[in-house]
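Q: One structure coming up, written as structure tokens, with questions to follow.
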Amino acid sequence: MTSTQQTGVPFERIRGSPGFNVNNLECSICHELLWKPVACRTCETPFCSTCINQWLINHPNQCPNQCQIFAERKCPPFIVKLLSQLQIACFYQSTGCNEIISYEGLDKHEIECNFQSQQCPGCQLQIIKEDFDNHISNCTSIELTCQDCKIVYKRGDADRKHTENICLKEQIRQLRDEYKENKREMHELTLQLHEMRLLNPLIKKIRITFDDLDGTLDKLSCISAEYRGLKWTGISSMHKSYAIQKYPKSGYATSFTSDGSSTIVFFKDDASIGVKNSNEKFTFVSVTACAAWADNLQVTITGCRNSIEINKHTAILLFGKPQLILLYWKDIDKIIFKSYSSSAHPDSGGSNCTHVVLSQLTIGQEKNFPLFRQRNQIVSLDRKEFIEIKLIEIAALADKRDTSKHQQ
Ligand SMILES: [Zn+2]
Ligand SMILES: [Zn+2]
Ligand SMILES: [Zn+2]
Ligand SMILES: [Zn+2]
Ligand SMILES: [Zn+2]
């Protein structure tokens, strides 16, 4: 704590009769009794050091008395001597201090004075230093945080807001939430493991994390009709910095995982992803999704082949927590998403929104059965055909080697 004395001391606080005219000790800037004075080297006029420093900020190198240039010197000794003869009432006399202190001892006293006050962070009242600790440990408006249940309550509300019963119930609720969250994470990991087993080693998987979308940081962009060799309809992309700045309370903001991409894509109501040429097929392995505004948002995902519905799955998406949906649908050429209106997540600011966030998509192509080009047409071969062709190729190659050997 520092003394409240910044600029001059009001003349009314001088006590006793000094026996000289105190008006000669006035600072010509603040018009009060000089406080920690310094003087102009040319005209020797003293000023409170705070006053002259303030003045010099606005009038660099100028003396308030219009001298050519202001250079600081010590206050003339006779002024210091006069000041030292003064007796001053403590600044905190209004809050009860009756001390009269010598000019020289004033600073030290006011720093330590027990009648200076501090604001109570609870009731906001000004409490004098002497009573402060006692007040803080009893004030009913002080907020306390329970170490066990983390509930924050005012001391005076303890018997309503934080009884033993409430505390225990809250701890149980938090444990339940934690358990649910752990279970969800376990489930997620199991799915990922399952996916790895499925994909290995038969399939060449293509994981799309949208990191390579050349979307701008400060606006939403539609995914162009062709991206990663597929046709995207009704899907837009959003960068992490945009999501956090624009929609900080939404599920968009929390849909970015620490190890994931900094771009997500999203759609409202309907969207689809399909092949460019009708004779191409792919395996739809998985999608990672969550809801942007709603709790428990229902989404149906349909897999089609030649415009015929082959697979269908309904998922319930959580608010802002991406979950892996493992499907592993083979030989399809289009995925259709549809979301249904649901109740908004509390405090998200959204209202019955159907926006869905996709943070990752995995599609697969059979590794050993690549898309063969035959007569400029792409066809997918099944395993038997593939092995047959491979065997014929190997045999032909062996033949060739044999013939070349014989020729040598
Ligand atoms: Zn002054
Ligand atoms: Zn001067
Ligand atoms: Zn005092
Ligand atoms: Zn208080
Ligand atoms: Zn508690």
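Q: Give me the pairs, please: first residue somewhere in segment 160-188 and at pLDDT 90 or above, second residue anywhere and β-branched (Val, Ile, Thr), beta-carbon distance under 8 Å, and either six or more positions apart or on two chains.
A: So the pair list comes out as LYS161/ILE151; HIS162/ILE151; ILE166/ILE151; CYS167/ILE151; GLU170/ILE151.
Q: For segment 48-75, what are the residues that are farther than 18 Å from LEU106 by Cα and of a type in the set (A, V, I, L, M, F, W, C)?
A: From segment 48-75, those farther than 18 Å from LEU106 by Cα are 51-75; that's our starting set.
Selection gives CYS51, ILE52, TRP55, LEU56, ILE57, CYS63, CYS67, ILE69, PHE70, ALA71, CYS75.
Q: Additional query: Check off (1) modelled with pLDDT under 95; (2) within 16 Å of ligand 2 (Cβ to nearest atom) for ALA39 and give me the number that stays unchecked.
A: It fails just one condition, (1).
Q: Let me ask something else. Looking only at strands (runs of 3 or more DSSP E) that fall completely inside segment 307-375, which ones have 2 or more residues that are modelled with pLDDT of 85 or more, touching a helix residue (DSSP H, G or I) at 6+ places or on another chain (Cβ under 9 Å) and assigned by TED's automatic domain parsing to the domain that holds CYS222?
A: Numbers: elements: 308-317, 323-332, 334-339, 355-366, 371-374.
Hits in segment 307-375: 323-332, 355-366.
Q: If I go through segment 74-97 residue by residue, how many of them are touching a strand residue (DSSP E or B) at 6+ places or on another chain (Cβ under 8 Å) and more than 7 Å from ligand 3 (Cβ to nearest atom)?
A: The total comes to 13.
Q: Which is touching a Gly at 6+ places or on another chain (Cβ under 9 Å) and modelled with pLDDT of 90 or more, of ILE101, ILE136?
A: Details: ILE101 fails: touching a Gly at 6+ places or on another chain (Cβ under 9 Å).
It is ILE136.
Q: Look through GLN85, GLN147 and report the one residue that is more than 16 Å from ligand 4 (Cβ to nearest atom) and assigned by TED's automatic domain parsing to the domain that holds PRO37. Lay out the reasoning, then the answer.
A: On the way: GLN147 fails: assigned by TED's automatic domain parsing to the domain that holds PRO37.
Result of the check over GLN85, GLN147: GLN85.
One line per residue, one yes/no per condition, for (1) within 29 Å of GLN119 (Cα to Cα); (2) aliphatic (A, V, I, L, M):
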{"site": "PRO18", "(1), (2)": "no, no"}
{"site": "THR45", "(1), (2)": "no, no"}
{"site": "ILE57", "(1), (2)": "no, yes"}
{"site": "PHE78", "(1), (2)": "no, no"}
{"site": "ILE101", "(1), (2)": "yes, yes"}
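Q: Looking at segment 283-318, which of its residues are among the hydrophobic types (A, V, I, L, M, F, W, C) and touching a Pro at 6+ places or on another chain (Cβ under 8 Å)? Break it down into steps so the answer makes sense when it comes.
A: To start, the set of residues in segment 283-318 that are among the hydrophobic types (A, V, I, L, M, F, W, C) comprises 284-285, 287, 289-294, 297, 299, 301, 304, 308, 310, 315-318.
Across segment 283-318, the qualifying residues are ALA289, CYS290.
The values are calculated or read from the model by the stated rules, or taken from the named source; none is laboratory data. These figures come from a predicted structure and were not determined experimentally. A quick note on method: Cβ atoms are made from the backbone with ideal geometry, for glycine too, and the neighbour counts reach across all protein chains shown.
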